[in-house]
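Each value in this text was obtained by applying a stated rule to the coordinates, not by laboratory testing. The shown structure was predicted, so the numbers you read here are calculated from the model rather than taken from an experiment. Heads up, the Cβs are rebuilt from the backbone with ideal geometry, glycines too, and the neighbour counts pull from every protein chain shown.
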Amino acid sequence: MEKRTKRENELIRLLLHQNEYQATNYFSEKLSVSSKTTYTDLKNIETYLNENGLTIDRVPRKGIYLIGSKEMKERLKGMVQQDRVLVLEDEEYSPAYRQLIMISSILLYGEKITYDDYAKQFLVSKQSIKKDMDEVLHYLKKTELLELNERRINALEKETVIQKVYKKYLVRYSKKYHPHVEKSPRGSLNFLAEIIEPKILEIVNDFIEKIMIHTGKILNDYFVYSLKLSLIIFLTRLKAGHHVEKQNEFVFKDLQKMQLYMVALNFSDEINQELNCLFSKNDIQYVCSLLFAHSVVPGISDLPVDQKMNAVTNALINEMTHLLDIKVDQDEQLFQSLIAHIMPMLHRLKNDIYVRNPLKESIKKQYTTMFTLTQFASAVFEKYYSLFLNEDEVSFLTIHFQVAFEKIQSTKHVLIVCGNGLATSELIFNRIKQNLPASVIVEIVTEKQLLENPVDDIDLIIAAIPLEIEKIPVLHVSALPTAEEVAMIATYLSNISENEKTFTYSKENSTISLIPFIQKELIFLEQSFYRKEEVLAYLIQQYQTLGLVNDGFEESIIQREELGNTSIVSGVAIPHSAPDTVKETKLSFMTTKQPIQWGINQVRLIVTIAIAEKDMVIAKDLVSALYDRIDSKECVDQIIQSQSVEELMTCLKRREC
């Protein structure tokens, strides 16, 4: 059966329902096309009508009429009705297709094309074009887009909203006119050929096929189809100079997406070469979100992994299993994700290629213990490859382990919301964080973030502003929370995390103390140093003189300082070394008379962490107990004010400052 367009089928239907002769312009008006197009369509369907025992009779000044028996006409009516769906994909000049072109000009390219130009392009009347545009504008008015100005997108419109609205329209169009595409997405998207640059269609098709081969996971048909549309729209807008705005999502929701950061980064490099388009940081994170939403997982199935890389990955996982005391070594996806990250990471480090992790500072702040433990475990790369990991690389690995940890350990999420900048939020954060288990994740957010994001998986909101959130408990505190309010928060959090395994030191389930790992010879009060290099040289010398470390201790300390900022916002520097350079686990404490610039923070307290390999089993509790005492400004100030070794030791013995 020869296929016909939807408009040709509609013309046959009109002819079959005639009771009298009609002028050609009657059909043109019904179909919203020009008379010339109607003449062409009549010629195209004539053979089909003849084959079914019907002919078109043309009478000058009277019009046209379909001649044939009533039985033949009834029979053809049924056939046309059944054929309708089969011919939709060949439709190129229907009102629906014209409207698709129009909405693409507005949303995809930001163009304002005149009605006359559209009329010439589609060979229809200007009136028909106006009718089409009215329908397009009516549709857009019902979406979440801001009001259009003279058929142009509002300058304040969010890029993600534009892309979302356009994709929704494409899905709606293809469901109606190209239903086979969604069910067989590996087929052609030819209906977009007049709208999307062929190179973009080709790149997106190849990319999706590659990631399925690369990761070893075949996506279902709908995900492939949906991801194709999303990437095609994103790249078309990107090439036109439009970048995605910063996504104000909660950090804990970003972690799983960020496992795909390297996949997105490689994609951005490829696009830059092929289309000469530079991705912004937000663009890369947006691609991570798209991949994650369509069930793409990190992994390498098409590349050989040598024995040494297998060994270092297993060693890293085993070390973290040991440190966390949680069986992350049984998580096959963790192994695949790490291999997929470690392979290009080693290449980067060997070639001095630096990749920034946009979540690094948030990870260091919100996942302090996991970050620190991952940093310790990363010493395996020094053993196997003589490579030191910078803080960006450590934070990438932290993401993978945190995601694996949360699969096993039930995690609670707490938001702190304040109205007067970050100062109050930081104060609340520092006052409560020191008593929290790692299974409670606390994040500072703005009121705007809170309103723009779903809060279904939030367990508690601590607010210093009036808030009414349905179904989520809200604890209201004053702008400068009192000791009673902090105690109230601590009690609530202890209840929601009751009976859960924790990272942090607690009176109930741990007897670890810092005191056995401190000796008086490593406490130095009110020192007159001015530069961090002087402090490090002095401390390293003390450890060496006491015979507590090996020859590689100095290199390990210096190397870690070069790789990242080892100070924290509470005003403490925490230099540390690889465990294999330490003979005996010892902490040192130094206070200075004046602040010293240490990375991005000024500090007056320097705590050296030197943990020997034989004591790595207690590293988790030791690090957590230490952070309990130095994670808030108030606690740090008490230690700095110590006038004697005994006073400092007394301060460190306290559970709370």
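Taking the range 281-412 as the region of interest, the number of lysine pairs whose Cα atoms are within less than 22 Å, with members eight or more places apart or on different chains, is 15. Of the labelled figures (i) 1.06; (ii) 1.13; (iii) 1.17, only one reflects Rg/Rh (Cα atoms, Kirkwood Rh) as derived from the coordinates, namely (ii). Residues whose amide H falls under 5 Å from that of ILE416, counting only those 5 or more places apart or on a different chain, are GLU443, ILE444, VAL445, ILE462, with hydrogens built in the peptide plane. In plain terms, the chain from LYS175 to ILE512 could stretch by 115.0 nm, reckoned as 0.36 nm per residue minus the Cα-Cα distance.
Farthest towards the positive end of the charge dipole of the range 515-653, among the residues ILE640, ILE600, TYR627, is the Cα of ILE640, using unit charges on the Cβ of Lys, Arg, Asp and Glu.
Converting phi to 3J(HN,Hα) with the Karplus coefficients 6.51, -1.76 and 1.60 and the offset θ = phi - 60°, the range 349-363 yields 5, 5, 10, 6, 9, 9, 10, 8, 9, x, 9, 3, 5, 5, 5 Hz in sequence order, with x at every glycine or proline. Treating r as the C-beta distance of GLU135 and ASN190 and R0 as 22 Å, the FRET efficiency rounds to 0.35.
From helices alone, the chain scores -16500 deg cm²/dmol at 222 nm; the rule is -39500 (n - 2.57) for each run of n ≥ 4 DSSP H residues, then divide by the residue total. For the pair GLU484 and LEU14, the difference between a 0.36 nm per residue extended length and the Cα-Cα distance amounts to 161.2 nm. Amide H contacts of VAL440: LYS412, each under 5 Å away and 5 or more positions distant or on a separate chain (H built 1.01 Å from N in the peptide plane; Pro and chain starts excluded). If a spin label sat at a point 7 angstrom from the Cα of ASP116 along the line to its beta carbon, no backbone N atom of the range 127-142 would be nearer than 11 Å. Net charge dipole, the chain: roughly 2340 debye, given to the nearest 20, about the Cα centre with Cβ charges of +1 for Lys and Arg and -1 for Asp and Glu. For LYS217, the aspartates and glutamates whose Cα comes closer than 18 Å to its Cα, not counting residues fewer than 8 places off in the same chain, are ASP206, GLU209, ASP302, ASP331, GLU332.
Can you give the charge dipole size of the range 6-90 about its Cα centre, rounded to the nearest 20 debye, using +1 on the beta carbon of Lys and Arg and -1 on the beta carbon of Asp and Glu?
Details: 14 positive and 13 negative charges, 57 e Å.
For this selection, approximately 280 debye.
Taken over the range 515-653, lysine pairs spaced eight or more positions apart, or on distinct chains, with alpha carbons under 23 Å apart number 18. Would you please classify the overall shape of the range 6-90 from the alpha carbon gyration tensor, given that a ≥ b ≥ c denote the square roots of the eigenvalues, rounded means a/c under 1.5, and beyond that prolate means a/b larger than b/c while oblate covers the rest? Oblate shape, in that a/c is at least 1.5 and b/c is the bigger or equal ratio. Between the listed residues TYR492, VAL296, ILE557, the Cα displaced farthest toward the positive end of the dipole of the chain, a dipole computed from Cβ unit charges relative to the Cα centre, is found at VAL296.
The slack between LEU123 and LYS327, meaning 0.36 nm per residue of separation minus the straight C-alpha distance, is 66.6 nm. The phi torsions of the range 225-231, fed into the Karplus equation with coefficients 6.51, -1.76 and 1.60 and a -60° offset, translate into couplings of 4, 5, 5, 4, 4, 4, 5 Hz, rounded to whole numbers, with Gly and Pro shown as x. Remark on GLN22: its backbone amide H falls under 5 Å from those of ILE64, a criterion applied only to residues 5 or more positions apart or on other chains, H modelled at 1.01 Å from N. Each residue of the range 616-630 was assigned a 3J(HN,Hα) from its phi angle through the Karplus curve 6.51 cos²θ - 1.76 cosθ + 1.60 (θ = phi - 60°); the sequence is 5, 5, 9, 4, 4, 6, 5, 5, 5, 5, 5, 5, 4, 9, 10 Hz, with glycine and proline shown as x.
Here's the picture: charge each Lys and Arg Cβ at +1 and each Asp and Glu Cβ at -1 in the chain, and of GLY68, THR5, ALA610 the one pushed furthest to the positive end of that dipole is GLY68. For the chain, which longest stretch is free of loop sites, where a loop site is one of the trypsin sites (Lys or Arg not before Pro) that DSSP puts outside H, G, I, E and B and that has at most 13 other Cβ atoms within 10 Å? Result, exposed sites excluded: 532-653.
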